[in-house]
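Notes for the one structure printed next.
The values are calculated or read from the model by the stated rules, or taken from the named source; none is laboratory data. This one's a predicted model, so the numbers in the text were calculated from it and none came from an experiment. Positions of Cβ are backbone-derived with ideal geometry, glycine not excepted, and every protein chain shown enters the neighbour counts. Only protein heavy atoms, including side chains, enter the accessible area calculation; ligands, DNA and RNA are left aside. Shrake-Rupley method; radii C 1.70, N 1.55, O 1.52, S 1.80 Å.
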Amino acid sequence: AVLVESLLVFVMVLLVHAAVWDRFSWCTVALAVQAFYVQFKWDRLLQLGGAVFQFRGAANSGLLPASMVIPLLGVVMKERCRAAGIVYFERFGVVVASTGMLLALFLSVLAVGITKPVPTNTCILTGIAGSIIIYTMKHSLTVSEVIEVLEVLLIFVYLSMILLYLLPRCFTPGEALLVLGGVSFVLNQLIKRSLNVIEGRGDPIDFFLLVAVVGVVLLGLFFTVLFIFLDSGTWISSMFFHMMTAVLGLGVIMPWLYRLIQRNPLFWLLQFLFQTQTRLYLLVYWTFLAASACGVVFYQNAKRSSESKKHQASTITRKYFHFIVVATYVPGLIYDRQLLYVAAVLCLAVFIFLEYVRYFRIKPFGQTLRHLLSLFLDERDSGPLILTHIYLLLGMSLPVWLFPRSCAPKGTLPGAGALVPYSGVLAVGVGDTIASVFGSTMGEIKWPGTKKTFEGTMTAIFAQIIAVALILIFDSSVNLNSSYAWILASVSLVSLLEAYTTQIDNLLLPLYLQIMLMA
């Protein structure tokens, strides 16, 4: 299974390399080769329990698929913005690619360094790949860009040391690279933009995303350290939690956002949300869907109480939420992508805050949330945090957040790139959902080395092709320009990756589909 997963990633790396064909795409090939070898060192360390931190069990390290995501995103973003003639974002793509490569190299060097005896061949490969990447960076990056890349690496190292110690068994090494690497990059971008505020420069919704992500992460770090010394389950601690959340929100996060957007954040948000009648209709519709999702949770828990205490939600039951999320995102993508962007940021902040309430057992809802959500746990929620619903939201939202709007003057990219914002809907909302439902109910032929079925994967590919046809009918901004073969290849490769990967597919699959469509 690991070999097939690696082969699929290699095929996607080579396809992107063939489409871009520059020095950075050559670097991604070199990085993929060394990550393939180092991945087995990480897997051995996880099996022997010598991986420094406690990582999520029942999964391989996932180093190769995770290592390629950020570099490939940077490479395809750079190419798209170069074609559009937007130099600033072309350089931004170069920084993203360089940062991703350096973070992946750091994890590789860490694995090689703690493996005993020292693996000579892997050391040589890592050294060659590192030399190629550093040589390319030396001749491609300015001094300020090099400093920016090193800043992200420094933040990543410190965040990894803190969060992997505080949150054992929540991530594989690959998932830690993706999640903590992304948070490190966002934090660095926020610091950089806060120090260089130019009035009227930058989109307020981008600043809103940066401040919201950094704000909830800092909030979590603060309370994690605080509740080492206090019992979080008492009423006094709970009152202190709510009070400090209000203080940090109103005293730190709001002024920070005010400095960036140069206006009152609350007034700006209210004005933005209720700007048009379409937005009002969408908000009412989304409120109804949110109430429906809560209804599913309460109904399933009532069913558990009447049947058995050991009752767990089935795969099909968990996929109800995927259908609800698809019904949420598709109208937003068709009618108002900016509103969807901001609503997804708000939803992410609420999800993470509720997870803090559950994890710290904050009264009055902490214990209730623990009871309600325990029904929907699966083998991937082996750590103290429940992250699968947050990963689902991220998987649907990241293609919307990472869409290079400045490099798409008409609001959409040409060819297959027009489907980029729909990557989450296609890969997770349609593909993963249909594969799970049909595979678990009608699947008989299993892919070698996995529990996934051939019928589930084929049905997922077929369903995504139908979804693309429906998008063409209902979204007039999408024009594929006869790039159907590339779309079919992209959807097929990502669906096969879903069958073989043991990483969090809600996070990984949309990013790979976005990379392929942007290439």
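Just how many pairs of Lys in the chain have C-alpha atoms closer than 22 Å, counting pairs that are eight or more places apart or on different chains?
For the chain, qualifying lysine pairs total 11.
Peptides 208-221, 139-152, 174-187: what's the order by average Cβ count within 10 Å, highest mean first? Numbers along the way, then the final one.
Details: 208-221: 19.9, 139-152: 14.9, 174-187: 22.9.
Final packing ranking: 174-187, 208-221, 139-152.
With point charges of +1 on the Cβ of Lys and Arg and -1 on the Cβ of Asp and Glu, referenced to the Cα centre of the chain, which listed residue (VAL9, ALA469, TYR320) lies farthest in the positive direction of the dipole?
So the residue furthest toward the plus end is TYR320.
I'd like the Karplus ³J(HN,Hα) series for segment 87-101: coefficients 6.51, -1.76, 1.60, θ = phi - 60°, whole numbers in Hz, and an x wherever there's a Gly or Pro.
The phi angles translate into 5, 4, 7, 5, 5, 4, x, 4, 5, 4, 4, 5, 4, x, 5 Hz.
Suppose a student asked you for the relative contact order of segment 1-199, using Cα pairs under 8 Å spaced at least 6 residues apart; what percent would you report?
Value for segment 1-199: 27 percent.
Could you work out the helix-only [θ] at 222 nm for the chain, with each DSSP H run of four or more residues adding -39,500 (n - 2.57) and the total divided by the number of residues, to the nearest 500 deg cm²/dmol?
Calculated at 222 nm, the ellipticity per residue is -25000 deg cm²/dmol.
What does a probe at LEU470 reach in segment 405-436, counting residues whose amide N is under 20 Å from the point 7 Å along Cα→Cβ?
Within reach of a label on LEU470: 418-436.
Note down the magnitude of the dipole of segment 129-235 about its Cα centre, charges +1 on Lys and Arg C-beta and -1 on Asp and Glu C-beta and zero elsewhere, to the nearest 20 debye. Display every interim value, and only then the final one.
Values: 5 positive and 8 negative charges, 33 e Å.
My answer is approximately 160 debye.
Would you please give the FRET efficiency between ILE236 and SER477, computed as 1/(1 + (r/R0)^6) with r the Cβ-Cβ distance and R0 = 60 Å, to the nearest 0.05?
Once the sixth-power term is evaluated, E becomes 0.65.
At R0 = 22 Å, how high is the FRET efficiency between LEU14 and VAL109 if r is their beta carbon distance? Nearest 0.05 is fine.
0.35
Considering only CYS407, LEU372, PHE438, whose Cα is most displaced toward the positive end of the charge dipole of the chain, charges sitting on Cβ of Lys, Arg (+1) and Asp, Glu (-1)?
So the residue furthest toward the plus end is LEU372.
How much accessible area per residue does the chain have, in Å², with a 1.4 Å probe?
Normalised by residue count, the accessible surface of the chain is 44 Å².
Rounded to the nearest 0.05, what FRET efficiency do LYS192 and PHE229 have when you use their Cβ-Cβ distance and R0 = 45 Å?
It comes to 0.85.
For Rg/Rh (Cα atoms, Kirkwood Rh), which listed value, (1) 0.94; (2) 1.00; (3) 1.09, comes from the coordinates shown?
(1)
Quick check: pseudo-label points 7 Å beyond the Cα along Cα→Cβ at LEU375 and GLN277, how many nm apart are they?
Label-label distance for LEU375 and GLN277, simple model: 4.0 nm.
Step through the residues of segment 205-213 one at a time and calculate ³J(HN,Hα) from phi using the Karplus curve (6.51 cos²θ - 1.76 cosθ + 1.60, θ = phi - 60°), rounding each to whole Hz and writing x for Gly and Pro.
Per-residue couplings from phi come out as 5, 5, 4, 4, 4, 4, 5, 5, 5 Hz.
Using the Cα centre as the reference, give the magnitude of the dipole from point charges on the C-beta atoms of segment 183-300 (Lys, Arg: +1; Asp, Glu: -1; all else neutral), rounded to the nearest 20 debye. The partial results should precede the final answer.
Values: 6 positive and 4 negative charges, 58 e Å.
That gives a dipole near 280 debye.
Starting from the amide H of LYS446, placed 1.01 Å from N in the peptide plane, find each other amide H under 5 Å away whose residue is 5 or more places distant or on another chain.
When sequence neighbours closer than 5 places are left aside, the close amide H contacts are PHE454.
Round to a whole angstrom and tell me the spacing of the C-alpha centers of segment 464-500 and segment 17-84.
Value for the Cα centre distance between the two parts: 24 Å.
Tally up the carbon and sulfur contribution to the accessible surface of the chain as a whole percent, 1.4 Å probe, everything protein left in place.
Taking all protein chains in place, the chain shows 70 percent carbon and sulfur surface.
In whole percent, what relative contact order does the chain give with Cα contacts below 8 Å and a gap of six or more residues?
Values: 643 pairs, mean separation 92.7, N = 519.
Dividing the mean separation by the residue count of the chain yields 18 percent.
Identify, among VAL186, THR142, ALA104, the residue whose Cα sits farthest towards the positive end of the charge dipole of segment 1-199, taking +1 on the Cβ of Lys and Arg and -1 on the Cβ of Asp and Glu, with the dipole about the Cα centre.
About the Cα centre, the residue reaching furthest to the positive side is ALA104.
Explain nothing, just compute: Karplus ³J(HN,Hα) = 6.51 cos²θ - 1.76 cosθ + 1.60, θ = phi - 60°, for every residue of segment 319-335 in order, whole Hz, x for Gly and Pro.
Once rounded to whole Hz, the list reads 6, 3, 5, 5, 4, 5, 5, 4, 5, 6, 7, 4, x, x, 5, 7, 9.
Provide the net charge surrounding LEU497, with neighbours chosen by a C-beta distance below 14 Å and charges set as Lys +1, Arg +1, Asp -1, Glu -1.
-3
Charges only on Cβ, +1 for Lys and Arg, -1 for Asp and Glu: so what's the dipole of the chain about the Cα centre, in debye to the nearest 20?
Numbers: 34 positive and 25 negative charges, 116 e Å.
Once rounded to the nearest 20, the dipole reads 560 debye.
Compute the length gained on full extension between ALA1 and LEU154: take 0.36 nm times their separation in residues and subtract their Cα-Cα distance, giving the result in nm to one decimal.
Stretched fully, the ALA1-LEU154 segment lengthens by 51.7 nm.
By residue number, which cysteines of the chain lack any other Cys whose Cβ falls under 4.7 Å from their Cβ?
If one checks each Cβ against the other cysteines of the chain, CYS27, CYS123, CYS170, CYS294, CYS347 turn up with nothing under 4.7 Å.
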